[in-house]
Amino acid sequence: MAEARDPEGVTNERSTDSELFSSLFGGAPTHVARAPGRVNLMGEHIDYCDLAVLPMATQHEAQLQFRARDDGLVRITNQDPEFDPVEFELGPAIAPGSRGDWRNYLQAPANELARQFAIWRGLDGVLSSDIPVAAGLSSSTALVNAVGLALAEANEVLLAPAQFAELMAEAEHYTGTRGGGMDQAIGFGARAGHAACIAFSPLRMRHVAVPEDWCFVVADTGVRAEKSGRAQGPYNQRRSECEEALDVVVQFALQHDRLPTRPRGYPDLLRMLGAAEVISLAEEALKARLLKRFRHVVTEADRVDQAVDCLLSADLVGFGTLMDASHGSLYADYQVSSRELDELVAIAREGGGAGARLTGAGFGGCIVTLADRGTVGAVLETLAEQYFEPRGMGDGIDDRLFVAVPSAGASVGIL
Ligand code: NG1
């Protein structure tokens, strides 16, 4: 039996996943699918522009203990009572639940796998996750990946990790968020001890070891930024703005003979002209908001390249400087930061962090800070004393303030 605390702080006995499984479905689960969360170190809001990003998987994960069925029914109960049990029939056109309903994250992979592979075998499962919800740590994609893996296993669908990641990225659009492919790619492709520089279309991944004495501290504002809820509109709007900005810049460049041919997207444009020329073009072609969005995308892409070099040469100060610049750009040009995120960033820097930035989509959620082993204690202490304790968020602080451990990608195993 595991111990759990209810919101009033009373300690309860909570059954383990397999106990809950047997009380709900009888017998025992046969398999477990695990899918990690992630923290993005550099490259925010540019995966959907097909530009490279630099995340790593964390020690937190979603776990689905399951048993395949001989019919198309899927029944999944979450250990967390905040989420209602979900039941649906497999098929290529599963009707989505209402916006914000967590069932959409379970139906998304089922719908996509049924469309692509005509899978017909459902499952019974119990889900648990210790990834903070709606905090920019990929809690939603971990659900999609875990359920996708479980259904693939139950139906003997064999896919390479990159293929699976691309399929699940497509699948998650079912939820209404037009996300990029970063979370699914790192979720399947991560390697313990490493971050990964991920490029898109086609998906490529370069694993880069995280130096032994580097600590990435994650701190959660406690403000939820649900992409199935209030953050979805602003998120999708940013993506549309990037598409529109690119169209205007390319059109302008073609009309003024500054481009030989039409580029296929951001990476192609940057390859053809280089970042400096692209930004100077944008300053002529774009106004106000679109110029800001575009400038963030181009400068952030450059910071990813530099961050990979800093990781490879263990240049902690250089990496930290890039994190600060990234946060500045996300605040001023991309406008996805918040008062709480800015406050956490300032405290982390005051505590001795080499650099800090919001991580994930923003609008709430978490920051990530880099510190070396000698400084990390002071960073954690300063964050606890200046942000969490004054807000009465000291209880259960380990879920909100932790050092991320670069972890391995998703897997499925026999119990
Ligand atoms: P979060 O909100 O952190 O899980 C989202 C997107 C990513 C990426 C980041 C911003 C999904 C599933 N994830 O991540 O693709 O665009 O925002 O860099 O939509």
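The values are calculated or read from the model by the stated rules, or taken from the named source; none is laboratory data. For clarity, every value in this text was computed on a predicted model and none was experimentally measured. Quick reminder, even Gly has a Cβ in these numbers, built from the backbone with ideal geometry, and neighbours come from all protein chains shown. The accessibility values were calculated without ligands, DNA or RNA, using every heavy atom of the protein model including side chains. Shrake-Rupley method; radii C 1.70, N 1.55, O 1.52, S 1.80 Å.
Miscellaneous remarks
- Projected-area mean, segment 70-220, by convex hull of Cα positions, square nanometres: 9.6 nm²
- Inter-label distance, nm, simple model (7 Å from Cα along the C-beta direction), Lys287/Ala118: 5.5 nm
- Diagonalising the gyration tensor over the Cα atoms of segment 149-289 and scaling each eigenvalue by 5 before taking the square root yields semi-axes of 32, 20, 19 Å, largest first.
- For segment 50-132, GluC sites (Glu not before Pro) meeting the loop criterion (DSSP other than H, G, I, E, B) and having at most 11 other Cβ atoms within 10 Å: Glu82.
- Extending 7 Å from Cα along the Cβ direction at Ala28 and again at Arg264 yields two label points whose distance is 5.0 nm.
- Rg/Rh for the chain, where both radii come from Cα atoms and Rh is the Kirkwood radius: 0.98
- Calculated accessible area for the chain comes out at 41 Å² per residue, all protein chains present (probe 1.4 Å; ligands, DNA, RNA ignored).
- In terms of Cα atoms, the Rg and Dmax of segment 274-415 work out to 17.6, 61 Å.
- Folded to 0 to 90 degrees: helix 139-154 orientation relative to the chain principal axis, Cα: 50 degrees
- Calculated over segment 277-354, the projected area of the Cα convex hull averaged across directions stands at 5.7 nm².
- Computed [θ] at 222 nm, deg cm²/dmol, the chain (DSSP H ≥ 4; -39,500 (n - 2.57); rounded to nearest 500): -13000 deg cm²/dmol
- Accessible carbon and sulfur surface of the chain relative to its total accessible area, %, 1.4 Å: 49 percent
- For segment 41-56, backbone nitrogen atoms closer than 16 Å to the point 7 Å from Gln251 Cα along Cα-to-C-beta are found at no residue.
- Percent of beta bridges antiparallel (DSSP, the chain, rounded to nearest 5): 90 percent
- Rounded Å value of the spacing that divides the Cα centres of segment 124-182 and segment 365-396: 30 Å
- With contacts taken as Cα pairs under 8 Å and at least 6 residues apart, segment 197-339 reaches a relative contact order of 23 percent.
- Ala408-Thr321 FRET efficiency (beta carbon distance; Förster radius 25 Å; 0.05 resolution): 0.25
- Taking label points 7 Å from Cα along the Cα-to-Cβ direction, Asp71 and Thr16 give a separation of 3.1 nm.
- Per-peptide packing, taken as the mean over residues of other Cβ atoms within 10 Å, places 388-394, 261-267 in the sequence 261-267, 388-394 from highest down.
- FRET efficiency, Glu385 to Asp80 (Cβ-Cβ, R0 35 Å, nearest 0.05): 0.75
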